[in-house]
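Asker: Below is a structure I'd like to ask you about.
The values are calculated or read from the model by the stated rules, or taken from the named source; none is laboratory data. Everything numeric here is computed off the predicted structure, so don't read it as measured data. Virtual Cβ from ideal backbone geometry, glycine too; neighbours counted across all protein chains shown.
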Amino acid sequence: MYPYLTCFLLLFFVLVSGCQKDPAQDYNLPQDSDIQVFLNHRNTAEKQYTDSYRKIQRPGDNLEAVIIEAINSAEVSIDIAVQEFQLSEIALALSKKKQQGVKIRIIIDNNYSRSWSDYTQQEIEGLPARERDRYKQYFQLIDLNQDGNLSKQEIANRDALVILKNANIPLIDDTADGSKGSGLMHHKFIIVDRKEIITGSANFTLSGIHGDFSNPKTKGNVNNLLKINNAELAQLFTEEFDYMWGDGVAGSQNSKFGLDKTWRSPQTISWNNTTVTVQFSPTSKKKDWQLSTNGLIGKTLDNGIASINLALFVFSEQKLADILQEESEEGVKIKALIDKDFVFRDYSEGLDMLGVALSKNCKDEANNNPWKNPIETVGIADLPPGDKMHHKFATVNHDIVITGSHNWSNTANRNNDETLLIIQNETVAKHFLQEFDRLYRSARVGVPKYLNNKIIKQKKQCS
């Protein structure tokens, strides 16, 4: 009898262990009380919402709802610095808060500071193809009854910038310093009552959060947001905002953007089980690279012992690729997913990691360094056509996250207004690790056949 009992128990334990949740599949991860993570492509039946523009039910965290909830909680002030602002529901929430006496200030990039509904037909026809497509998307967003015309009521209720203007909400762009705009004002953050921060990779656009209006299969560019409750950290963000705001609308052009801002070294704040380091770009070329935001990324990558995972829109910073090569040769397991529009361009460090190179007009990129011991764990996430890999994060080991608005490029490092956060917190890291595992599970990695053929053909042409 006992042998049968033993076999039964062994079978029971095998079945039980087989039914246990894989951490990568467990979408009910706990949130840290002070830093919550939100992901708009989080794929789970428990996380469903209907976006208020397309009326489409879809999985994932509703990033717009996170933003609106933060706005609704404000009692004193709201400061927003975001590259692009199109979502009318956010604008309407801000309008209500303005009526309640909450002080609101908004900064956006000058390329997106004019309402699309202001454009004349002649101006629209003169736009580049990409910008005309953007206009078409935004037109459809405002055209509530889809009759092909924009009524005054539709513009007043659906054009985000018009809503802000009608509510007398102060707004400036990065020409407020008297320039034409140096780099991009690429920030994506909100400060509420100078104690709470919403920040991450998402712009306030339909394609950035929910999906394209004309393509119901899209889920929005793959993005993340963090909700951080820490007054000391919020003060650092407020300092960055105040440099850019200067004396505000119609002021004496004392706003400071880009390299005109006072350079500040990384600042680290620790509380409870969390350590956060923040640095704002850009850093002048006159300063050592190690002191820059990319330098801070490099120092963090140096902490890699077991694993480093990258989920990036663009990766073109050679020095970071060289650091990763050293980590790989020391046994650190490295995986990388890069947006399909950038991963195989001649300047992409994804090529270096795969050990291959593309020249431009038969000239190699300066300091190009394809890995002598390449890895095959670099590739493209399987996303709905039209959606972009817009993350800018990396996980280091099991407890460190690099994130923010900062792309891993020289332009972000030396020209743009950007946010970089280094977060050491195991609970936060689990969410980003889970997100990477989800994306990597169906990714296409390695050197694709068409690229290999292109490299062979290029070598023949340039020899």
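Results for (1) closer than 30 Å to Leu141 by Cα; (2) crowded, with 19+ Cβ neighbours inside 10 Å; (3) modelled with pLDDT of 95 or more, shown as yes or no for each residue.
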site: Leu226; (1), (2), (3): yes, yes, yes
site: Trp245; (1), (2), (3): yes, yes, yes
site: Ser252; (1), (2), (3): no, no, no
site: Ser255; (1), (2), (3): no, yes, yes
site: Leu259; (1), (2), (3): no, no, yes
site: Ser265; (1), (2), (3): no, no, yes
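Asker: How many residues does the stretch 301-328 hold that are among the hydroxyl-bearing types (Ser, Thr, Tyr) and closer than 26 Å to Lys388 by Cα?
Answerer: 2
Asker: So, one more: Considering each residue of the stretch 161-205, count those that are in contact with a strand residue (DSSP E or B) (Cβ under 9 Å, 6 or more places away or on another chain) and more than 26 Å from Phe313 (Cα to Cα), and give that number.
Answerer: 14
Asker: Can Lys454 be described as free of Cβ contacts under 8 Å to residues at least 40 places away in the same chain, more than 30 Å from Ser255 (Cα to Cα) and surrounded by fewer than 18 Cβ atoms within 10 Å (Cβ to Cβ)? First the steps, then the outcome.
Answerer: Working: free of Cβ contacts under 8 Å to residues at least 40 places away in the same chain: no; more than 30 Å from Ser255 (Cα to Cα): yes; surrounded by fewer than 18 Cβ atoms within 10 Å (Cβ to Cβ): yes.
The answer is no for Lys454.
Asker: Do any strands (runs of 3 or more DSSP E) entirely within the stretch 154-263 hold 3 or more residues that are in the same structural domain as Gln279 (by TED's automatic domain parsing), and if so, which?
Answerer: Numbers: elements: 171-173, 188-192, 196-200, 224-229.
Because the criterion is at least 3 residues that are in the same structural domain as Gln279 (by TED's automatic domain parsing), no strands (runs of 3 or more DSSP E) in the stretch 154-263 meet it.
Asker: Taking the conditions exactly as written (free of Cβ contacts under 8 Å to residues at least 60 places away in the same chain and in a strand (DSSP E or B)), does Ile402 satisfy them or not?
Answerer: Details: free of Cβ contacts under 8 Å to residues at least 60 places away in the same chain: no; in a strand (DSSP E or B): yes.
Judged against the criteria, Ile402 is not a match.
Asker: Asn407 - would you say it is surrounded by fewer than 23 Cβ atoms within 10 Å (Cβ to Cβ) and outside the structural domain of Ser201 (by TED's automatic domain parsing)?
Answerer: no
Asker: Is at least one residue of the stretch 139-147 of a type in the set (Val, Ile, Thr), touching a residue at least 60 places away in the same chain (Cβ under 8 Å) and either within 21 Å of Ile209 (Cα to Cα) or not in a helix (DSSP H, G or I) (or both)?
Answerer: No - not one qualifying residue is present in the stretch 139-147.
Asker: Let me ask something additional. Please give the number of the condition Ala321 fails out of (1) over 16 Å from Phe393 (Cβ atoms); (2) assigned to a loop (DSSP other than H, G, I, E, B); (3) among the small types (Gly, Ala, Ser).
Answerer: So Ala321 meets the others, but not (2).
Asker: Could you go through the stretch 88-104 and let me know if any residue there is within 21 Å of Gly404 (Cβ to Cβ) and outside the structural domain of Asp417 (by TED's automatic domain parsing).
Answerer: yes
Asker: Right, here's the next one. Report whether or not Ile124 is at negative phi and either buried (at least 17 other Cβ atoms within 10 Å of the Cβ) or at pLDDT 95 or above (or both).
Answerer: no
Asker: Take the stretch 283-301 and flag every residue that is within 12 Å of Lys319 (Cα to Cα) and more than 22 Å from the chain's Cα centre (by Cα).
Answerer: Once the filter is applied, which keeps residues that are within 12 Å of Lys319 (Cα to Cα) and more than 22 Å from the chain's Cα centre (by Cα), the stretch 283-301 yields Trp289, Gln290.
Asker: For the stretch 56-87, give me each residue that is more than 24 Å from Thr175 (Cα to Cα), under 23 Å from the mean Cα position of the chain (by Cα), crowded, with 20+ Cβ neighbours inside 10 Å and small (Gly, Ala, Ser).
Answerer: Gly60, Ala70
Asker: For residues in the stretch 346-380 being part of a loop (DSSP other than H, G, I, E, B) and touching a Lys or Arg at 6+ places or on another chain (Cβ under 6 Å), which is nearest to Asn309 (Cα to Cα)?
Answerer: Top of the filtered list is Thr377.
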